[in-house]
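A.B. asks: One structure is given below, represented as structure tokens, and several questions about it will come after.
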């Protein structure tokens, strides 16, 4: 583990229910503090106060606020990856259903708390280890989607590697931009339009 990776590594995973609840309170409090005060002013003292725990308790789970941000980001990324971890039976599902699941999850992830998402985008580039985590996630997501396209009978693209990169990147950028727009497209309409566009592309039409 590199020094940067050690810096953002959580100190311990709780085994007892009470400890897990404390850890969850810290993460929930951190999300609130970061979006309310900003990352620079979102100190561990403020997070501990919001979580109603001592600063010592906080440090039992996280060495610093970078580690807390990394954990919040990891959860965000894991939620976004869920539709691509459907197992070997994914190829048996209609392509449109798989695409819709991806699109729906991306929209939900971006609309849960736009302020927290903005924080991820702004702060991640400043933390090398966090960026490494993001890049690894993106590579894994594209690899899983490429493998799905290879075995899916409805996929009509010739270059599955390029198609996976185009779809995952386009989906992330478009949902991020449209979710942050002042005149946001209704979620259901956005889901339908993106699903139709991506499905048609993947079918080679």
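A.B. asks: Looking only at residues that are within 18 Å of residue 100 (Cβ to Cβ) and free of Cβ contacts under 8 Å to residues at least 40 places away in the same chain in the stretch 168-181, which one is surrounded by the most Cβ atoms within 10 Å (Cβ to Cβ)?
C.D. replies: 168
A.B. asks: Here are 32, 76: which of them is modelled with pLDDT under 80, within 22 Å of residue 108 (Cβ to Cβ) and under 19 Å from the mean Cα position of the chain (by Cα)?
C.D. replies: Just a single option satisfies the conditions, and that option is 76.
A.B. asks: Still on this structure, please answer the following. Tally up the residues in the stretch 126-164 that are closer than 25 Å to residue 71 by Cα and free of Cβ contacts under 8 Å to residues at least 40 places away in the same chain, please.
C.D. replies: Residues in the stretch 126-164 being closer than 25 Å to residue 71 by Cα and free of Cβ contacts under 8 Å to residues at least 40 places away in the same chain: 8 in total.
A.B. asks: Still on this structure, I have one more. Give the residue that is modelled with the lowest pLDDT, with candidates limited to residues of the stretch 162-205 that are closer than 19 Å to residue 146 by Cβ and not in a helix (DSSP H, G or I).
C.D. replies: So, considering only residues that are closer than 19 Å to residue 146 by Cβ and not in a helix (DSSP H, G or I), the one modelled with the lowest pLDDT is 204.
The values are calculated or read from the model by the stated rules, or taken from the named source; none is laboratory data. The structure presented is a predicted model; accordingly, all values stated were derived computationally and were not measured. Glycine gets a Cβ as well: all are built from the backbone with ideal geometry, and neighbour counts include every protein chain shown.
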